[in-house]
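Here, each number is a calculation from the coordinates, and none is a lab measurement. Remember, predicted model here, so these are calculated numbers, not experimental data. Cβ: placed from backbone, ideal geometry, glycine included. Neighbour counts: every protein chain shown.
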Amino acid sequence: MAASSPQTGNGLDVQDRMGDATGTGDKRPPMVSECMRALEQFPLNRSLNSFRWHGNPILEKGAPGEWDEALIRDPMLFYDCLAPAQERFKLYYSGEDARGQMHIGLAYGSSLEHLTKCPTNPIVRMTEDWENMRANHNPYVIRLPRTGSCEMLYTARACDRNGRYTFSTGRVTSPDAKNWADKKQVFTGFQLGGRTYFPQKPILHYSVEENTYCLIFAASLMERKNQKNEGFTGLATSANGEQYAFERIIIPQDLAGSIYDPHGLVSLLGWHFLLITHDSSYPYDPDGNSNWPERWMVSRDLRNWYGCPKSVWDTYPDEDFLYSHLSPLVTESGWAYFVYDHGKPNRFCLAKVPLVGKPYNVVVEGPLVRPGESTELSDCYPAICLQPGETLALTFECTYPAEASRPAKVHVYTSYDGERWDTEEQRDASGRPIFGDVALRPGDVLRQTTGLSVSARFIKVTVENPDPAESIRDVKVIATFGA
């Protein structure tokens, strides 16, 4: 790390954050290492048992005369569970017209394979003095959990009266994720170490526990018109979403002067996974990857991040692929989607994968449950419901012995964060367990599915065998999600 480079708030240098990049041993906490090893098992490639590439474009630039006829850039995926079914999947993007002016547009559909451009595009126009220059806007949208309203942050670029070029962060709000208003400039250049850094590529997260808006962004110096040089990935926070203050560096510049740009945030099981791009003309990469490969970083609190230098790509997906424009989305059905900018020709393409290898999740699996015993919550993988408005079904399977006299029981527990679990099982309005006893089939295989109505984001189950003398075998519980 160069002496002039900013330091991280917790004293870790980039080698600590990227794991065993120097061959001196993995410095990450054990749980972080396990998370990263799991992520590394799912590279983006063309193999038949991993990501499936969809070669046909899902969105192309507009026809001559349309507002986005020259260019589309910066795809951002948003799953809108409160929208009509035909508008659930939303894709926000930057578009450029024939005069070189760029604005923000929207396409939506019932799936990402079938998108329609919004008839009121562009949905956000650049009209203010602080956004008077052409820029990739990097729109990022969330829906606030308490009010249901939506917020968008985007990158604005300007040239002031002194001829100085700047980046800043703009904010607009919407009740329906389609019609946007209340535009404000919420984050601008800030001083650090006697130098002025400017924010780009905003990623917004609202922390319910802290009642705080958290903004992850790429910061760089803008000493010349288009220079994006020394910088870092930073964190800014706000109490009301209307004015952000820089808090800390979370991913510093590496030894080659590279900047790690943030592209998307996925929150699972109480952990945050940040997709970043290694952005440099001379990449520092111990694994030998070239260009601008993406990497995952992981954090529990959005402030302390860990990862590894391994790229998520093990093959190049397409010729002329733009590594610096990729958006991830994970839905409660267990699918992960990645939309990327193909580059030449200019269009957006799609890759998707079931996170658990199949469109369902086996949450409990064991050879047997002994008489009078029960599985533990710690033996169960969480069934994740990332968005409200989805249904959950649990399928129980087991093999009863011929002498079985009592049916098995399935107990359902919920959690608001994937870590703190209810001490009492979930019950319906009449006070009965929402799954409870299953059927009894002595000497036979039982498979029974029950649909559940729960509002919690995380669900676990335990399986009880009340039989005083006989074990049940081949026990399995499978979770599936639907609209």
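Of the listed pairs Lys117/Lys184; Lys409/Lys476; Lys117/Lys178; Lys90/Lys178; Lys90/Lys184, which have alpha-carbon separations greater than 20 Å here?
Details: Lys117/Lys184 25 Å; Lys409/Lys476 12 Å; Lys117/Lys178 11 Å; Lys90/Lys178 9 Å; Lys90/Lys184 23 Å.
Pairs exceeding the cut-off: Lys117/Lys184; Lys90/Lys184.
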Problem set entry | Pairwise label distance in nanometres, Arg146 with Asp176, each label 7 Å out on the Cα-Cβ vector | 2.6 nm
Seminar exercise, completed: The answer for the net charge of residues other than Ala181 whose Cβ lies under 12 angstrom from its Cβ, with Lys and Arg +1 and Asp and Glu -1, is +2
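Go through the range 396-425 and name the GluC sites (Glu not before Pro) that are in a DSSP coil and have 14 or fewer other Cβ atoms within 10 Å of their Cβ. Numbers along the way, then the final one.
Working: sites: Glu397, Glu403, Glu419, Glu424, Glu425; in loops: Glu403, Glu419, Glu424, Glu425.
For GluC sites (Glu not before Pro) across the range 396-425 that sit outside H, G, I, E and B with at most 14 neighbouring Cβ atoms in 10 Å, the list reads Glu403, Glu419, Glu424.
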For this session: Convert each backbone phi in the range 246-253 into a coupling constant with the Karplus relation 6.51 cos²θ - 1.76 cosθ + 1.60 (shift: θ = phi - 60°), then list the ³J(HN,Hα) values in order as whole Hz, x for Gly and Pro.
Result: 4, 10, 6, 7, 10, 9, x, 5
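Please order Leu350, Leu91, Leu82 by the number of other Cβ within 10 Å, starting at the fewest. Mind dumping the intermediate values first?
On the way: Leu350 23, Leu91 26, Leu82 15.
By the 10 Å Cβ count, ascending: Leu82, Leu350, Leu91.
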Seminar exercise, completed: Here the range 434-439 yields Karplus 3J(HN,Hα) values (6.51, -1.76, 1.60; θ = phi - 60°; whole Hz; Gly and Pro given as x) of 6, 10, x, 5, 9, 5
Exercise. If you plug each phi of the range 391-401 into the Karplus form 6.51 cos²θ - 1.76 cosθ + 1.60 with θ = phi - 60°, what whole-Hz ³J(HN,Hα) values come out, in order, with x for Gly and Pro?
Worked result: 9, 10, 10, 10, 10, 9, 10, 6, 10, 7, x
Seminar exercise, completed: Checking the range 133-169 for chymotrypsin sites (Phe, Trp or Tyr not before Pro) in a loop per DSSP with at most 11 other beta-carbon atoms within 10 Å yields none
For this session: Could you work out how far the C-alpha centroid of the range 142-197 sits from that of the range 408-425, in angstrom?
Result: 40 Å
Problem set entry | Rough spin-label spacing in nm, given labels placed 7 Å along Cα→Cβ, for Asn162 and Ala393 | 6.4 nm
Problem set entry | Rg/Rh (Cα only; Kirkwood hydrodynamic radius) as it applies to the range 361-482 | 0.96
Exercise. So how do 365-371, 247-253, 173-179 stack up, highest first, on mean other-Cβ count within 10 Å?
Worked result: 247-253, 173-179, 365-371
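Going by C-beta contacts inside 10 Å, put Ile123, Ile459 in order with the fewest on the left. If you can, show how the numbers build up before the last one.
Details: Ile123 19, Ile459 23.
Ordered from fewest to most neighbouring Cβ atoms within 10 Å, Ile123, Ile459 come out as Ile123, Ile459.
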